[in-house]
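Step one of this worksheet: look at the structure below.
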Amino acid sequence: MIEKFLLWILFLGMLWKAKAQEMLFFNQIETLSNEWITDIAQDEKGFIWIGTEDGINRYDGYKLQLIRHVIEDKNSIAANAIHEIAMIKDTAYWIGTQGGGISVFYPKERRFENHRKHPKGIFSFVYKIIQVASDTLAMVTDEGVFLYTMSTGETHQIEEGSTTSKIGTGNGVLWISTNNVLYGYDVRKNTIVTKQVFEQNIRMISVLQKKVLLSFTDHILLLDKTKEEKKIPVTDAIRYMTKNGDIVFLASEKKIYTFDPDQENIRMINTALPLHQADITSLFLDQQQLLWVGTSKGLYKEKNKVAIFKNPSISLHARRIIKYKEAIYIAGETGLYKIDKNKEMQKLLAGDMLALHASEEQLFVTNRKGTLFTIRDDQIEKEQQIQRSDFKRFSAYGIAQDAQHRIWVGSWASGIFVFDASGNFLQEIKLDTNSDKGESKILQMYLDHKDRLWITTAAYGLYMLANASSADLTTPVPFQQYTSTRSDTTSLTSNVLFSVAEDQKGTIWIGSDMGVVAYQEKNNAFLRLKKDAKLFDKKIMALEADTLNNLWITTINSGVYVYNVISKEWMHYTTKDGLISDAFLFTSMYYDQKEERLLAGTNNGIQTITVDTEVKVPDFPPVIVTAVRVHGEPSDYLADFKTPFDQDIQLSYLQNDFSVRFSNLDYKHIPNIRYAYSMDGGKWKETDVETAYFSNIAYGVHELKVKPVYNSYPAETVPVSILSIRIHPPWYQTIVAYVGYGLLFILIGTLIIYYFLKSKLATLRAEKTKEVNELQSRMFANISHEFRTPVTIIKGLANTILKQEKKEELEEKVMGITKSSDQILNLVNQMLDLAALDEKKVALNYINTNIIAFIEKCVKLYTPLATSKGIAMNFHAEFPEVCMDFDDDKIQKIINNLLSNAIKFTPEKGTIKIEVKVRENQLVLIVSDTGIGIKKGQLPFVFDRYYRANQFTETMGSGIGMALTKELVVLLEGIIEVQSELGQGTTFVIYLPIRNAYPSAKEAVHTMPFISRQMKAKEEEPSNTIRSEVCILVVEDSDEIRSYMKELLGAKYTILTANNGKEGLIIAQKRAIDFIISDIMMPVMDGFEFCKQLKSDVGTSHIPFVILSARTEASDKVKAYQYGIDAYLPKPFDEEELMAIIANLIKKQEERNRYFGKLLQLKETAIEEKDIKKQELDFIKKVQEYALQKDQKLSIDQLAKELYTSRTQLHRKIKGLTGKSTTHYINHIRIEKAKELLLTTSLHIAEISFEVGFDTPAYFSKIFKKIEGRSPSEYRKTKE
């Protein structure tokens, strides 16, 4: 907004007696579309609408926005010349035009509706629009007066009206004038109810409460049903009226009046409007009761005055102001004036008056020449000169009076002069100012309630005299001086001081050219006043404290500040708030406590401030958005008129560079308002252009907070407006798009999953086929193992029988063949049973008899086997007899499998418990053992076919038994459960339904089960008859295989046996073993692990190792050879092949012994030979190194320790590699070395003996001769 401030001040001549008068000041609103103002209105938001001869303008306090007719746009106002603006409804504005009829504007919808038709034709000019009922308007047009129904658009013409009629409404009556005739029209009855004729033409009609106000050429007339007509004369015809509450303004073409309808009086108001060259064309009083005046030369808004400044100012220069006997006395550069309670002014003295003080009966005044006047009853009682002749300019600015009525006068050019109550001179007091001229530059003197005299100076700081009333003037007066020290923040802010004041709490405040300080009596220091956390450093002219704890501070050019010493809040006023000037005079302010007003001198007169009128903070209107610009442009020409009604701002992703303009439509304070805004809770930013600019804002919903910032009021008191701004993302980032993406993703995902599952299904089928094949392979491998063992025995025993000649030895072998055949038959029967179950060809043959007795007998069949293994087997039945239907064959097979497994997996001294109970018509069979148990993760697979839970850790099996058991239980409509804890044992629970549908006649049949006796694994001692020095260890879990191997090899070799790899490892470490034959699939420790540990032990790594296993896969053979075996034979094996392998390996061992017997560590040819492993070669080299050490001789025990083995293991290792004992081999190495030295060196025999490690030459010669058959000397002679 560009405002041109037009200020005309009408001063009445102020002579000796005069009265101050008030006038209105106005600002002109510029940049309107046309100067001729036709109408003014205000909408519900607070915008001012101005009709002109060329368009309608909306004003927000800063900017004008124009609506004009657009020829090519149907959605535009009907015409540009505006006559009337009627805010009939909140949502629609009715506009009377010249040439276009009525235009109805709907700002929320950004559209116009134009109406011109009536039953008899059309109207083009609409001069006046008023609302006469909730749905009815009255209009004055170029076709006459019409009633218009807003909901239907129907019109009804009132024949008594004309194109020049004036109208008004009230209490359901439409008042219509035609020239000098007044009609009263009842809107509800559609009829004229009253008619009155006057002498003059009616110029205006208005209804005030129940009175009708009529305007004529030279008077106005109030019509009241209860009173007679009241004529009020005027100098010119009243044409316009506006009101707001009790305030009524009237206007003619040249004058403005206030009107009181209750008192029925009218008063002209002086204005500064340029009405000598323009006419008033409209009048409007807004929601804040500011007066707007439309003229033929522009629009004017009343300049707001804050309520405290509305009292008239006084056109006098004032250096000092006091109140004395209900009159105001003013001392200034033109003299001493008195203004009485009737506001009559009287001049008492002429000249430049500086200081002023009132006692009970007298006034004391000083002037610039140094004259002290005593005034009594407004007359000069005494006049005396206090200036000394050596001063050209004395200037006495300060006067104070103590409790003894002594008058203290402070001067600029000299010091302090003290007079008694009668004005007689008492004493001159010099201040210690260090001035070369003896100056004091005193500006003000103040005596506080504690009898302290405070003196401010313009150069030398502050002086204070305690107990001033009792001060002895005959002795040096003890003034205390306070000055400003730059490094001391508790000192004064400046030495140039102007004013001193005392507040209600007794705090002394000092005003300087660098702000305000408060005296802290407790520490005799000063507290500097701050504003907004910064030092308040304005140049202070005067201070006064009121009774409301406010400290009033006038400044040299920044107006007035008000500081509340309790709330710590600040307010600031300038000429924009109604001050007559921002420049105040020093020491010129007086607080009239009785009248609650302040009088402060300025360079434009005396400012009157009514303290009790407005010290509180007013209610401020909220900020609203007035316009939104995208890339600096509106979306269309009506967009800004809709924006204030929007709850939020909707923008597209291409519109994220935008600006928001706002206003709180506070026309009173707009010149003093700035705005602050915050986006999404960010830092508040201030703007002086009532616009916030935003760039590249992210998509989504944002919160914009806006608040006004007033110069005169605390920020905490203003309202905060919140606006939602939604920036829509591009279509491909919208929710609909994301839903589409989601659906597309789901579709694609579904297709992917479909093809994946299809592929996976094919893969699973292939894997399943592979798994079945692998399962079959494992099954055949397991079954093969189970078959190969008895087949090996059968084959071996058969071959033995063929070689035997003694018939008495055949019986045991034939029994072995029979037993192995039964084992094969049992496996085959189990596989056939599973196949029959798969094909559902298994029939149930129920009998009804005592099942307890049947189960007990089945258990007893396994008692001998359990006893042979050292296992206790206990049977307990809850009832001695339970008769029920059961299939004896299936039940026995179930029990056989459970008991066979229990015995197999329960160690010696273990317990197997069989319990039979009856629970809820079910037979419960419980078989529990204290065996090794099953891992928790393996329990779900226990009943799977070919699954072995304890593979390679327990007795081997085919993996068929438990699967068959479960399927038989299910066939019997029962349930089987398993519970197990590793290391604690396993419990199987079977639930069978108890039924009695079959006759009880047949006894159950018991079949003798196949029981493969498993002999307890133990170390077997060799036969008393030593057949060979070669000792072979056979490690095999099958008793039959072990027996067969002993039978096969026992005639030629010493045979030791073990049940598993762990037992075999113990035997190999304790006994001197020359050869090992081992199976792979064994309990506790399998053959692979056994071989691995054996070969990693230095004491046993040299022993030849042969695998004899039913596993024939190539991977098993590769793995075995990687562990270091010497041969791998599959079962069933050829005994001749085995014998040949054993003989060949023994032969190689003998060759190795000879090689190591001849090998010396120092020979360069001592490299790894075929069939001799580097590990063994390194071992022998280490033994030779230790044997030939001459500096450190090791015992056998020390040598074993150095080689990380035991003495026994060392002996066995050396014996196995060399065929010699440890001592013999060490001596052999030494002698071999000695032989080399005898032949290659000239060392003495004694030296050689020590060189090869012998203690004495004699012992060396003895051992040498024992091994070589001749003495060392004789051996040396062979060289010659």
Q.
When you check Lys343 against the structure, is it outside the structural domain of Asn603 (by TED's automatic domain parsing) and either in contact with an Asp or Glu (Cβ under 7 Å, 6 or more places away or on another chain) or in contact (Cβ under 8 Å) with a residue 40 or more places away in the chain (or both), yes or no?
A. yes
Q. How many residues are surrounded by 15 or more Cβ atoms within 10 Å (Cβ to Cβ), not in a loop (DSSP other than H, G, I, E, B) and not small (Gly, Ala, Ser) if we restrict to the range 1237-1264?
A. 10
Q. What number goes with the only condition from (1) in contact with a strand residue (DSSP E or B) (Cβ under 8 Å, 6 or more places away or on another chain); (2) without any contact (Cβ under 8 Å) to a residue 40 or more places away in the chain; (3) not small (Gly, Ala, Ser) that Gln277 does not pass?
A. (1)
Q.
Can you confirm whether Val193 is surrounded by 20 or more Cβ atoms within 10 Å (Cβ to Cβ), modelled with pLDDT under 95, farther than 23 Å from Asp218 by Cα and among the aliphatic types (A, V, I, L, M)?
A. no
Q. Tell me, which residue of the range 983-1003 that is hydrophobic (A, V, I, L, M, F, W, C) and loosely packed, with under 14 Cβ neighbours inside 10 Å is modelled with the highest pLDDT?
A. Ala997
Q: Collect the residues in the range 389-398 that are among the polar types (S, T, N, Q) and either surrounded by 13 or more Cβ atoms within 10 Å (Cβ to Cβ) or modelled with pLDDT of 90 or more (or both), keeping them in residue-number order.
A: Ser395
(Q) Among the residues of the range 436-459, what is the count of those that are part of a loop (DSSP other than H, G, I, E, B), surrounded by 15 or more Cβ atoms within 10 Å (Cβ to Cβ) and more than 60 Å from the chain's Cα centre (by Cα)? (A) 5
Q: Tell me which residues, restricted to the range 488-524, are touching a residue at least 24 places away in the same chain (Cβ under 8 Å), assigned to a loop (DSSP other than H, G, I, E, B) and out of contact with any Gly (no Cβ under 8 Å at 6 or more places or on another chain).
A: Thr489, Thr490, Ser491, Val496, Asp503, Gln504, Lys505, Gly506, Thr507, Asp513, Met514, Asn523
Q: Say whether the condition of being outside any loop (DSSP other than H, G, I, E, B), of a type in the set (Asp, Glu) and more than 15 Å from Lys166 (Cα to Cα) is met by at least one residue in the range 239-260.
A: yes
Q: Pick out the one residue from Ile386, Ile322 that is surrounded by fewer than 20 Cβ atoms within 10 Å (Cβ to Cβ) and modelled with pLDDT of 90 or more.
A: Ile322
Q.
Taking the conditions exactly as written (part of a loop (DSSP other than H, G, I, E, B), among the hydroxyl-bearing types (Ser, Thr, Tyr), under 30 Å from Asn434 (Cβ atoms) and not assigned by TED's automatic domain parsing to the domain that holds Ile673), does Thr547 satisfy them or not?
A. no
**Q.** Members of the range 283-322 found to be among the aliphatic types (A, V, I, L, M), out of contact with any Gly (no Cβ under 7 Å at 6 or more places or on another chain) and assigned to a loop (DSSP other than H, G, I, E, B), listed by number
**A.** Leu290
Q) Any idea how many residues of the range 531-550 are buried (at least 16 other Cβ atoms within 10 Å of the Cβ), of a type outside the set (Gly, Ala, Ser) and touching a residue at least 24 places away in the same chain (Cβ under 8 Å)? A) 10
Q: Examine the range 219-242 for a residue that is surrounded by 16 or more Cβ atoms within 10 Å (Cβ to Cβ) and either in contact (Cβ under 8 Å) with a residue 60 or more places away in the chain or under 60 Å from the mean Cα position of the chain (by Cα) (or both), and state whether such a residue exists.
A: yes
(Q) Go through (1) surrounded by 21 or more Cβ atoms within 10 Å (Cβ to Cβ); (2) within 51 Å of the chain's Cα centre (by Cα) for Thr489 and report which single condition fails. (A) (1)
Q.
Being closer than 14 Å to Leu316 by Cα and either aliphatic (A, V, I, L, M) or in contact with a Cys (Cβ under 7 Å, 6 or more places away or on another chain) (or both) is the filter here; which residues of the range 326-353 pass it?
A. Ile328, Ile330, Ala331, Leu336, Ile339, Met345, Leu348, Leu349, Ala350, Met353
**Q.** Extreme residue, surrounded by the fewest Cβ atoms within 10 Å (Cβ to Cβ), among residues of the range 842-878 that are charged (D, E, K, R) and in contact (Cβ under 8 Å) with a residue 60 or more places away in the chain
**A.** Lys857
Q) Would you call Thr271 among the β-branched types (Val, Ile, Thr) and within 14 Å of Val207 (Cα to Cα)? A) no
Q: Could you tell me which residue of the range 551-607 is surrounded by the most Cβ atoms within 10 Å (Cβ to Cβ), considering only residues that are of a type in the set (D, E, K, R) and in a strand (DSSP E or B)?
A: Arg597
Q.
On the basis of being in contact with a strand residue (DSSP E or B) (Cβ under 8 Å, 6 or more places away or on another chain), buried (at least 18 other Cβ atoms within 10 Å of the Cβ) and closer than 22 Å to Lys63 by Cβ, does Phe662 make the cut?
A. yes
Q | Test: Glu856 is touching a strand residue (DSSP E or B) at 6+ places or on another chain (Cβ under 8 Å) and either among the acidic types (Asp, Glu) or modelled with pLDDT under 85 (or both) | A | yes
Q: Considering each residue of the range 171-212, count those that are on the phi > 0 side of the Ramachandran plot and not in a loop (DSSP other than H, G, I, E, B), and give that number.
A: 0
Q. Any idea which of Pro622, Pro644 is within 27 Å of Leu290 (Cβ to Cβ) and part of a loop (DSSP other than H, G, I, E, B)?
A. Pro622
Q) From the set of residues in the range 835-853 that are within 23 Å of Gly961 (Cα to Cα) and not in a helix (DSSP H, G or I), which is modelled with the highest pLDDT? A) Tyr846
Q: Return the only residue of Tyr693, Tyr677 being closer than 18 Å to Lys63 by Cβ and under 25 Å from the mean Cα position of the chain (by Cα).
A: Tyr677
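The values are calculated or read from the model by the stated rules, or taken from the named source; none is laboratory data. What you are looking at is a predicted structure, and each value in this text was computed from that prediction instead of being measured. FYI the Cβ positions are ideal-geometry reconstructions off the backbone, even for glycines, and counts take in every protein chain you see.
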